1. From the list 155, 138, 164, exactly one residue is in contact with a helix residue (DSSP H, G or I) (Cβ under 9 Å, 6 or more places away or on another chain) and either farther than 21 Å from residue 61 by Cα or at pLDDT below 80 (or both). Which is it?
2. For the stretch 199-266, which helices (runs of 4 or more DSSP H) that fit wholly inside it have 1 or more residues that are over 26 Å from the mean Cα position of the chain (by Cα) and surrounded by fewer than 16 Cβ atoms within 10 Å (Cβ to Cβ)?
3. Give the number of residues within the stretch 182-198 that are at pLDDT below 90 and over 16 Å from the mean Cα position of the chain (by Cα).
4. State whether one or more residues within the stretch 18-34 are in contact with a helix residue (DSSP H, G or I) (Cβ under 8 Å, 6 or more places away or on another chain), surrounded by 14 or more Cβ atoms within 10 Å (Cβ to Cβ) and in a helix (DSSP H, G or I).
5. Report, by residue number, each residue of the stretch 90-125 that is surrounded by 15 or more Cβ atoms within 10 Å (Cβ to Cβ) and over 23 Å from the mean Cα position of the chain (by Cα).
6. Output the number of the condition that residue 141 fails; it satisfies all remaining conditions of (1) part of a helix (DSSP H, G or I); (2) loosely packed, with under 14 Cβ neighbours inside 10 Å; (3) more than 27 Å from the chain's Cα centre (by Cα).
7. So residue 288 ticks every box in (1) outside any loop (DSSP other than H, G, I, E, B); (2) within 18 Å of residue 236 (Cα to Cα) but one. Which box is left unticked?
8. Can you name every one of the helices (runs of 4 or more DSSP H) wholly within the stretch 55-131 that holds 3 or more residues which are in the same structural domain as residue 34 (by TED's automatic domain parsing) and more than 17 Å from residue 37 (Cβ to Cβ)?
């Protein structure tokens, strides 16, 4: 993808999303093959406007539409066309001019958030096979299947990239379909506080200093790094449950920081430790028994001394 110098990641995403080269979807238990590949849907007029007649239509799903644009892009086609038309053009071009060079083709990306929350076999269908690199269109072991509803000959272009994200901290759904797992490379994304410091703390330094929260925010970063080290070494919690930097991105005032710690980070610790407040104190402060902020009788208390708590945590570094 052509990225101009100085473009932020947000700018890059917005640029290519407008061009139809990036799609984003979140999987959930109700998401299906009909929405992802193709299916029969009921034609509707508009919200709150009843249809006079019930009509059904064959509708391409999100992934099939992306593949259509990707193959058209590899062919240099800019007009709107169906998958069947684009694929026929591809076949004609390959016959008359030889194989298409997908390495020079524009790239198309689909980002699937919470990929482990969907029924993979139900959603992906033929893609379980077609996603493999050597089975893509024009690849060494190309496989073309006939879709059951449209009866289109279908394959996945080599210039389509699938990125799936998942939170391994949710152990109830952490296991991923083995057939899909071996078709993906895995990259672990640990908390990255350098991003927080660069993209928020330093970028908004003047505002944070004016609001009197700059130093406290930096102290919070040190505190979270210490807490994550303790979480990683605790066998009952583990490294999958480290606390990320996103909590602190929304902090601009002392009140924001106070709310994040009292109502988000500390309750998360409470969940990790199953209400064992002595264990929470042990992780945070390295001490047995109750603390000013966390007690067995009252749980997490809304104390006023956030600075004192952060100082006590960071003293263990």
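1. Residue meeting the stated conditions: 138.
2. On the way: elements: 205-210, 214-233, 246-249, 254-260.
Counting at least 1 such residues, we get 205-210, 214-233, 254-260.
3. Residues of the stretch 182-198 that are at pLDDT below 90, as a first pass: 182-190.
Now narrow it down to the ones that are over 16 Å from the mean Cα position of the chain (by Cα): 182-183.
Of the residues in that region, 2 qualify.
4. Checked against the condition, which is being in contact with a helix residue (DSSP H, G or I) (Cβ under 8 Å, 6 or more places away or on another chain), surrounded by 14 or more Cβ atoms within 10 Å (Cβ to Cβ) and in a helix (DSSP H, G or I), the stretch 18-34 yields at least one hit.
5. Listed by number, the residues that qualify are 90, 93, 100, 102, 105.
6. (1)
7. The failed condition is (1).
8. Values: elements: 62-75, 83-97, 120-124, 127-130.
So the answer is 62-75, 83-97.
The values are calculated or read from the model by the stated rules, or taken from the named source; none is laboratory data. Owing to the predicted nature of the structure, the values given are computational and were not obtained by experimental measurement. Heads up, the Cβs are rebuilt from the backbone with ideal geometry, glycines too, and the neighbour counts pull from every protein chain shown.
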